[in-house]
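First up is the structure itself, then whatever we jot down about it.
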Number of protein chains: 2
Amino acid sequence: MNSLEEVLDFVNNGHKYYLPHMSIDSVIFGYHNQQLKILLLKWKGYNEWGLPGGFIKRREPLSKAAHRILEERTSLSNLFLQQFHMFGDSPYRVKERIPQVFREKFGLEVEEDNWLFERTLSIGYFALVDYSKVSVTLDFFTDDYQWWDVDDIPELLFDQKEVVEKALLTLRLQIYHQPIGYNLLPQKFTLPEIHSLYETILGKELDQRNFSKKLLTLGLIKKLDERRNIGPHRAPYLYQFEKENYEEALKEGIVHTY
Amino acid sequence: MNSLEEVLDFVNNGHKYYLPHMSIDSVIFGYHNQQLKILLLKWKGYNEWGLPGGFIKRREPLSKAAHRILEERTSLSNLFLQQFHMFGDSPYRVKERIPQVFREKFGLEVEEDNWLFERTLSIGYFALVDYSKVSVTLDFFTDDYQWWDVDDIPELLFDQKEVVEKALLTLRLQIYHQPIGYNLLPQKFTLPEIHSLYETILGKELDQRNFSKKLLTLGLIKKLDERRNIGPHRAPYLYQFEKENYEEALKEGIVHTY
DNA sequence: TATTATATAGTAATATTTACGGAATAAAGG
DNA sequence: CCTTTATTCCGTAAATATTACTATATAATA
């Protein structure tokens, strides 16, 4: 959605293409530099940030919509993407969605009764992505993007703070039942890397020996013969996920702590 | 919604009162006779059953809508009620919602473009209730209700089988993190009762001594001095939930198995 | 008072989780 | 080339949690 023509069609006729009163908000988690980050977009004219999101086409399955929106934004397909909550308790209209704002910020003349100003419930999805593979696409409404540390999120538009918090909570709970990492780490990674990923997600220290023992015992990762040769210190061995066991653990669930 | 006038207003003008394209489906779990049951309604004229559900008013918070719908149907308020998934991958229109059906089954003349025939995504909630306290209210569209064993559910309308299965899965997963029972059992209950409740929900046997040890160790229940005096056998002691610990476990979560 | 079905309780074996320190090693700098 | 530095990596013992298991008490009925 880049040409003005497309934008105007979206604003004026969007209600014909999309289901009204509903949107999808994606919390995209990436991991970099020992930090868990989420991707936020800066809205044109605002100094505020918001989650990437979009609408569901009238005949499009919900999960397809979520994947499409994510792919349009990050160019990544076939990702780990999971619905975690539908938000519908916030005020029935939000102050950021009024004609005046559209005029001032975006230079668009929009009527009071435009579909974009109606009450909108949002369906939260979260994704886990390999930070380094993402290439973000901006559009007419956004003029910047940035990866933010999860414990240093700026003010967000609408009630999206709640969305981010719930996503994080879900992720932290889920890590006790499902392996995580396949989509957050490069294909080959070191023990310290995955260890630190788990510490970061859970927000607490994990004994490094017990942690790797656990992953190895569960058969989720395997040691390779290669080492990574960077840094002035002892080179760590590389590891890889055991695809089969990982998939099974995803499906069947695991009961344990780390 | 009982008078014909009300029904006609709902059918013809519902789109003015309710958000379109969205509905709430409730999976109401009750426990009775060593069986976990769910409440189903029989649709007038159909031989098929469906979940109780309803729509969200245009200015009504989502969670309020869920509680309202549950209360209208069961006369119970302030229950444990939890959203578990939004379903939106089924076909964009369903065969059960067409003018012909409304004419034949309900004797209503409805136009092809009526709001009730549009694509509807449904938000699944599940509730845990004390079976014996429920008094079901039927309405114009339903002519019977019944509690069904969870492992003996009949054919359901639309894609509601999937909804029920997901609810059950969520409940079974959740029982490892949260205490359950407060809303499914009478205030005072026996060890065998709560033991059998957990076995029923999890669908597997639990050692009775270890189970009660666990609940007592966690401080979730306490023994009373009373006994229940029914049956021709040794009278079991009554137990009660420890409200404070129970609430905390609900909030903080517990990590353990049973 | 004997019978019957059910409720209740404790201990030992096993498995899991936690706690903890020291040797190996890769590069950089003197 | 030797020392320093920061990091990886390894194993075992103690504590804790889970599992497995059966005999006695007891309430009502016949």
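The values are calculated or read from the model by the stated rules, or taken from the named source; none is laboratory data. Keep in mind that what you see is a predicted model, and the values were worked out from it rather than measured. FYI the Cβ positions are ideal-geometry reconstructions off the backbone, even for glycines, and counts take in every protein chain you see. Accessible surface is based on the protein model in full, side chains and every heavy atom, while ligands, DNA and RNA are left aside. Shrake-Rupley method; radii C 1.70, N 1.55, O 1.52, S 1.80 Å.
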Q) With the calculation restricted to Cα positions, what are the radius of gyration and Dmax of the range B:188-252 in angstrom? A) 12.6, 41
Q | Computed FRET value (nearest 0.05) for B:Q34 with A:H15, which takes r as the C-beta separation and R₀ as 41 Å | A | 0.20
Q: State, as an integer percentage, the relative contact order of chain B based on alpha-carbon contacts under 8 Å between residues 6 or more apart.
A: 23 percent
Q. Between the DSSP loop rule and a limit of at most 16 other Cβ atoms within 10 Å, which trypsin sites (Lys or Arg not before Pro) in the range A:205-258 are left?
A. A:R228, A:R234
Q: In nm, give the distance between the simple-model label positions of B:K223 and A:E244, each being 7 Å from the Cα along the Cα-to-Cβ direction.
A: 5.0 nm
(Q) List the trypsin sites (Lys or Arg not before Pro) within the range A:1-64 that DSSP assigns to loop and that have no more than 16 neighbouring Cβ atoms inside 10 Å. (A) A:K44, A:R58, A:R59
(Q) Is the C-alpha gyration tensor of the range A:1-67 telling us rounded, prolate or oblate? Criteria: a/c under 1.5 is rounded; beyond that, a/b larger than b/c is prolate, otherwise oblate. (A) oblate
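What's the FRET efficiency of A:K133 with A:L206 using the Cβ-Cβ distance as r and R₀ = 30 Å, to the nearest 0.05?
0.70
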Q: Kindly give the distances from B:K95 to its copy-mates, label point to label point, with each label point 7 Å from Cα along Cα→Cβ, as nm values to one decimal ordered shortest first.
A: 5.2
Q: Report the dimensions of chain A along its three principal axes from the alpha-carbon atoms, largest first, rounded to Å.
A: 63, 40, 28
Q.
To confirm my reading of the symmetry, which residue of chain A has the Cβ nearest the axis that brings A onto B, and what whole-Å distance does it have?
A. A:M86, 2
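Considering only Cα-Cα distances, which of the following residue pairs are longer than 26 Å: A:K16/B:K95; A:K161/B:K251; A:K166/A:K188; A:K166/A:K213?
With Cα atoms farther than 26 Å apart: A:K166/A:K188; A:K166/A:K213.
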Q.
Could you report the buried accessible area between A and B, both sides summed, computed with a 1.4 Å probe and given in Å² to the nearest 100?
A. 2200 Å²
**Q.** Accessible-area order (highest first, 1.4 angstrom probe) of the listed residues B:I194, A:I254
**A.** A:I254, B:I194
Q | Rounded percent of accessible protein surface that carbon and sulfur make up, the protein assembly as shown, 1.4 Å probe | A | 46 percent
Q. Which distances, in nm and shortest first, link the A:E205 label point to the same label point in every other copy, taking 7 Å along Cα→Cβ?
A. 4.5
**Q.** Rg over Rh [alpha-carbon atoms, Kirkwood Rh] for the protein assembly as shown
**A.** 1.00
Q: Determine the gain in length on full extension of the stretch A:Y92-A:K44; use 0.36 nm per residue of separation and subtract their C-alpha separation, reporting nm with one decimal.
A: 14.9 nm
Q | A:I254 paired with B:K188, simple spin-label distance in nm, labels 7 Å along Cα-to-beta-carbon | A | 4.6 nm
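Dipole magnitude of chain B about its Cα centre, charges +1 at Lys/Arg Cβ and -1 at Asp/Glu Cβ only, in debye to the nearest 20?
Value, rounded to 20: 900 debye.
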Q. Roughly what would the spin-label model give for A:H233 and B:S3, points 7 Å off Cα along C-beta, in nm?
A. 7.8 nm
Q | For the range B:188-252: relative contact order, % (alpha-carbon pairs under 8 angstrom, 6 or more apart) | A | 35 percent
Q.
Nearest 5 percent is fine: what portion of the DSSP beta bridges confined to the range B:4-174 is antiparallel?
A. 70 percent
Q: Taking only protein heavy atoms into account and a 1.4 Å probe, give the accessible area per residue of the range A:4-174 in Å².
A: 46 Å²
Q. Given a Förster radius of 41 Å and the C-beta distance between B:D152 and B:E104 as r, what FRET efficiency does 1/(1 + (r/R0)^6) yield to the nearest 0.05?
A. 0.90
Q.
Treating the point 7 Å from Cα along Cα-beta-carbon as the label, what are the nm separations from A:N2 to the other copies, to one decimal?
A. 6.3
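Nearest 500 deg cm²/dmol is fine: what mean residue ellipticity at 222 nm does the protein assembly as shown get from its DSSP H runs of n ≥ 4 alone, each adding -39,500 (n - 2.57), divided by its residue count?
Theoretical 222 nm ellipticity from helices: -10000 deg cm²/dmol.
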Q. In the protein assembly as shown, what % of DSSP beta bridges are antiparallel (nearest 5)?
A. 75 percent
Q. Rounded if a/c is under 1.5, else prolate if a/b is larger than b/c, else oblate: which is the range A:22-175, with a ≥ b ≥ c the root eigenvalues of its Cα gyration tensor?
A. prolate
Q: Please name whichever of A:G253, A:G124, B:Y145 sits farthest to the positive end of the charge dipole of the protein assembly as shown, dipole taken about the Cα centre and charges placed at Cβ: Lys and Arg +1, Asp and Glu -1.
A: A:G253
Q. Hey, can you list the residues from the range A:1-38 whose accessible area shrinks by 30 Å² or more with all protein chains present, relative to the chain by itself (probe 1.4 Å, no ligands or nucleic acids)?
A. A:L19, A:H21, A:M22
